[in-house]
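Peer 1: I'd like to ask some things about the structure below.
The values are calculated or read from the model by the stated rules, or taken from the named source; none is laboratory data. Only a predicted model underlies this, so the values are computations on that prediction, with no experimental measurement involved. As a convention, Cβ positions derive from the backbone with ideal geometry for all residues, glycine included, and neighbour counts pool all protein chains shown. In case anyone asks, the SASA skips ligands and DNA or RNA and just uses the protein heavy atoms, side chains included. Shrake-Rupley method; radii C 1.70, N 1.55, O 1.52, S 1.80 Å.
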Amino acid sequence: MKPIENIFNNIQTLQVSSNEMKNYINSLSKEEYASLATAFIIGRSGWERNYTDTNEFYSFIEENEASGIKVTQKMLDDKFLMKKSKQQQVQLTYEHELSSSPKIDGVYNHDWLGMKTNLIVEIEKGLSMLREIN
């Protein structure tokens, strides 16, 4: 996945959901576009927490609460959501975005990214999440 700090700095100077934003995003290379889309998706959706339906998950909560400790999401993620799992989620998202974003007449096939009104906020969250695993 390509670093997107410079791209993020550039899109912060453009009006969200404007023609300038759409044109800039469509001017990115396929790899840059996939990286930006990945940061957006990760920021918007958060980490997949497949651990929530496990016996170990329920036991962890019960044991802590029996000891008077209120279990937080951070505690659960620290215990069950490993860095490797986060990296896999990012890689799968990136590969999907890379393979599903051909250009047609100079515009990415799914031009949804340039039209998002919450683009900056969600990418900022996504970048923060990506920094956790690097």
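Peer 1: Output the residues belonging to region 1-30 that are part of a helix (DSSP H, G or I) and hydrophobic (A, V, I, L, M, F, W, C).
Peer 2: I7, F8, I11, M21, I25
Peer 1: Continuing with this model, one more query. List pairs: first in region 53-69 and under 19 Å from L81 (Cα atoms), second among the hydrophobic types (A, V, I, L, M, F, W, C) and not in a helix (DSSP H, G or I), Cβ under 6 Å, 6+ apart or cross-chain?
Peer 2: That search, which allows pairs on different chains as well, returns I61/V71; N64/V71.
Peer 1: Please go through region 75-87 and give me each residue that is part of a helix (DSSP H, G or I) and either touching a residue at least 12 places away in the same chain (Cβ under 8 Å) or closer than 17 Å to I42 by Cα (or both), ordered by number.
Peer 2: L76, D77, K79, F80, K83, K84, S85, K86, Q87
Peer 1: When the residues of region 87-100 are narrowed to those that are open to solvent by less than 60 Å² (accessible area, probe 1.4 Å) and modelled with pLDDT of 95 or more, which ends up farthest from A39 (Cα to Cα)?
Peer 2: Q89
Peer 1: If a residue has to be in contact (Cβ under 8 Å) with a residue 12 or more places away in the chain and among the acidic types (D, E) to count, how many in region 6-31 make the cut?
Peer 2: Adding up the residues that qualify gives 1.
Peer 1: Tell me whether region 122-130 contains one or more residues that are under 14 Å from I25 (Cα atoms) and either open to solvent by less than 50 Å² (accessible area, probe 1.4 Å) or outside any helix (DSSP H, G or I) (or both). Explain how you work it out, then say what you get.
Peer 2: Residues of region 122-130 under 14 Å from I25 (Cα atoms): 123.
Adding the requirement that they be either open to solvent by less than 50 Å² (accessible area, probe 1.4 Å) or outside any helix (DSSP H, G or I) (or both) leaves 123.
Yes: one or more hits.
Peer 1: Only one residue in Y33, Y58 is part of a helix (DSSP H, G or I) and within 30 Å of E5 (Cα to Cα), so which one is that?
Peer 2: Being part of a helix (DSSP H, G or I) and within 30 Å of E5 (Cα to Cα) holds for just one of Y33, Y58, which is Y33.
Peer 1: Every residue in region 36-51 that is under 17 Å from the mean Cα position of the chain (by Cα) and not in a loop (DSSP other than H, G, I, E, B), please. Walk me through how you get there before you give the answer.
Peer 2: The first filter runs over region 36-51 and keeps only residues under 17 Å from the mean Cα position of the chain (by Cα), leaving 36-50.
Correct list: L36, A37, T38, A39, F40, I41, I42, G43, R44, S45, N50.
Peer 1: Name the residue that is nearest to N23 (Cα to Cα), counting only residues in region 113-134 that are of a type outside the set (A, V, I, L, M) and more than 15 Å from the chain's Cα centre (by Cα).
Peer 2: Top of the filtered list is G114.
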